[in-house]
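Please treat every number below as a calculation from the coordinates, not as lab data. None of these values were measured; they are calculated from a predicted model. Note that each Cβ is placed from the backbone with ideal geometry, even for glycine, and that neighbours are counted across all protein chains shown.
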Amino acid sequence: MSSVFAIPRLSKWGFPVVLTGVMLLAGLAGCSTQQAASVDVKRSATVRSNVATPERLSYAALDRLRHRVVYDGRYIPISYPNGDVPANVGVCTDTVIRSYRKLGIDLQRLVHEDMSRNFYNYPNLSKWGLNRPDPNIDHRRVHNLKAFFQRHGASVAATGNPADYRPGDLVTWSLGGDQEHIGIVVNRKSSADPRRNLVVHNIAEGEKIEDVLFAMPITGHYRYFPGNTGLKYVSAK
């Protein structure tokens, strides 16, 4: 079966160079992403049920670090609603989908319902070859998630100011051509720049927490918390 998610050819866009620089900075600062991950997971397990939704999403993303996930871009039929690919595989969008699902939000259902009513308001790239919604795959495509968040008033200005990216925010990046990537900003700070939050994402190497907020060109910035008003944002610990 052919892959519907191209595993990023990172060298094509020079991404290893960027990541190497980020990792070098982290090494010089004496930090270990593995050490940080273990601390984050412990804290995520103690989250109170009454914390603000942005913080809950941040911790849900941190909780993903407990899972061993292999990047796998195959088309996989799944159930509906609340469907998911096998727990040990996923792409960047699955990190977002699974984090929201921990909060009781089913992006598969929400995206499918919106696309069913407004199919031609979504990108529908010609390479996908679709003429109707497909609940197996639509919500697992970055372009569709971007359209969904935009349509539901979740867009936030994309700036070069690290303070504008809060825990629980979603960020999308260009990988070149029509390839895009998505991750979740979490409430952990960069050791290289304490103004900058770290990101939980999966870019072909499994789910990681990394200092990559400005490592790639940003194409979108979103804050999606349906049904939650009076949000309280918390600073990084």
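Please report F214, F119, F149 as a ranked list, fewest other C-beta atoms within 10 angstrom at the top and most at the bottom.
Going from least to most buried by this count: F119, F214, F149.
Which order do S191, S126, S99 fall in if you start with the one that has the fewest other Cβ atoms within 10 Å?
In order of increasing Cβ crowding within 10 Å: S126, S191, S99.
For H112, H152, H143, which order do you get if you count the other beta carbons within 10 Å of each Cβ and list the fewest first?
With the fewest neighbours first, H112, H152, H143 line up as H152, H143, H112.
Evaluate the Debye formula for segment 35-222 with equal point scatterers sitting on the alpha carbons, no solvent, and hand back log10 of I(q)/I(0) at q = 0.08, 0.19 Å⁻¹, in q order, two decimals.
Summing over Cα pairs of segment 35-222 leads to -0.24, -1.44.
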